[in-house]
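Shown next, in structure tokens, is the structure this report addresses.
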Amino acid sequence: MVEELISCTPEDLADLDALMHALSATSFCNEALLNAALADANVHVFVIRDGGRIVATGTLCVKHTLEFLVADIESVVVSPGCRSRGYGKELMTAMIAVARELKVHHIQLTSNPDRVAANLLYRSLGFVRYETNCYKMGMRVCFILYVSFW
């Protein structure tokens, strides 16, 4: 059963971090990132639990543009040991339903072509591959912590 994550435990954070590593060797989830996502009203983190542990996740990010209300689906991943159980389809169906409820104009996502099963799933749900020039600019983010002592 898909649930929207509203708060998290240390075990949830560990499970999500492991899932991000399964998505990509360079991906991760830490407490600051997770708390920021959960605090953002336009970000919806969905999970599936198996035996109490998070084994699948996906994030629906809603944004306003001057043209439309649109949504991005990000970081969809199912634990390697739980694949082929329909969890990816359950997550996607739940996120699509929420996007419909929010009346978004369209949903967009990107997926590595090497993720064959994921790409087949997206097409089976009605997503169409869109030919475009996709650009990305890396931004170094520095967090500065100011501590004052009284």
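Among the residues of the stretch 45-61, which ones are open to solvent by 20 Å² or more (accessible area, probe 1.4 Å) and in contact with a Cys (Cβ under 8 Å, 6 or more places away or on another chain)?
Step one: of the stretch 45-61, the residues open to solvent by 20 Å² or more (accessible area, probe 1.4 Å) are 49-53, 59, 61.
Passing the criteria: only Asp50.
So, Val128, is that one at pLDDT 95 or above and open to solvent by 70 Å² or more (accessible area, probe 1.4 Å) or not?
Values: at pLDDT 95 or above: yes; open to solvent by 70 Å² or more (accessible area, probe 1.4 Å): yes.
Answer is yes for this residue.
Out of Leu13, Leu34, report the one residue that is free of Cβ contacts under 8 Å to residues at least 24 places away in the same chain, open to solvent by less than 60 Å² (accessible area, probe 1.4 Å) and not small (Gly, Ala, Ser). Lay out the reasoning, then the answer.
On the way: Leu34 fails: free of Cβ contacts under 8 Å to residues at least 24 places away in the same chain.
Just one listed residue meets the conditions, Leu13.
Would it be correct to say that Ala25 is part of a loop (DSSP other than H, G, I, E, B) and more than 22 Å from Ile96 (Cα to Cα)?
Answer is yes for this residue.
Taking the stretch 39-68 as the range and being touching a helix residue (DSSP H, G or I) at 6+ places or on another chain (Cβ under 9 Å), of a type in the set (A, V, I, L, M) and over 18 Å from Arg115 (Cα atoms) as the test, the residues that pass are Val43, Val45, Val47, Ile48, Ile54, Leu60, Val62. Is it true that some residue in the stretch 92-110 is surrounded by fewer than 20 Cβ atoms within 10 Å (Cβ to Cβ), out of contact with any helix residue (DSSP H, G or I) (no Cβ under 6 Å at 6 or more places or on another chain) and within 17 Å of Thr9 (Cβ to Cβ)? Within the stretch 92-110 (the criterion being surrounded by fewer than 20 Cβ atoms within 10 Å (Cβ to Cβ), out of contact with any helix residue (DSSP H, G or I) (no Cβ under 6 Å at 6 or more places or on another chain) and within 17 Å of Thr9 (Cβ to Cβ)), the answer is no, since none of the residues qualifies.
Being over 12 Å from the mean Cα position of the chain (by Cα), of a type outside the set (S, T, N, Q) and open to solvent by 30 Å² or more (accessible area, probe 1.4 Å) is a property that holds for Asp40. Looking at this structure, is Leu120 surrounded by 10 or more Cβ atoms within 10 Å (Cβ to Cβ), of a type outside the set (Val, Ile, Thr), at negative phi and touching a residue at least 12 places away in the same chain (Cβ under 8 Å)? Taking the combined requirement at face value, the residue does not satisfy it.
Just checking, which of Ala14, Ala18, Ala36 is out of contact with any helix residue (DSSP H, G or I) (no Cβ under 8 Å at 6 or more places or on another chain), in a helix (DSSP H, G or I) and within 23 Å of Leu121 (Cβ to Cβ)? Step through it out loud before you land on a result.
Details: Ala14 fails: within 23 Å of Leu121 (Cβ to Cβ); Ala36 fails: within 23 Å of Leu121 (Cβ to Cβ).
Criteria check complete, one pass: Ala18.
I'm checking my understanding of the structure. Among residues of the stretch 62-91 that are hydrophobic (A, V, I, L, M, F, W, C) and surrounded by fewer than 18 Cβ atoms within 10 Å (Cβ to Cβ), which one is farthest from Met1 (Cα to Cα)?
Filtering the stretch 62-91 for residues hydrophobic (A, V, I, L, M, F, W, C) gives 62, 66, 68-71, 73, 76-78, 82, 91.
Now narrow it down to the ones that are surrounded by fewer than 18 Cβ atoms within 10 Å (Cβ to Cβ): 66, 68-70, 82.
Details: Leu66: 35, Phe68: 31, Leu69: 27, Val70: 25, Cys82: 14 Å.
By that ranking, first place goes to Leu66.
The values are calculated or read from the model by the stated rules, or taken from the named source; none is laboratory data. Everything quoted here is computed from the prediction, not taken from an experiment. Quick reminder, even Gly has a Cβ in these numbers, built from the backbone with ideal geometry, and neighbours come from all protein chains shown. These accessible areas exclude ligands, DNA and RNA; they are computed on the full protein's heavy atoms, side chains included. Shrake-Rupley method; radii C 1.70, N 1.55, O 1.52, S 1.80 Å.
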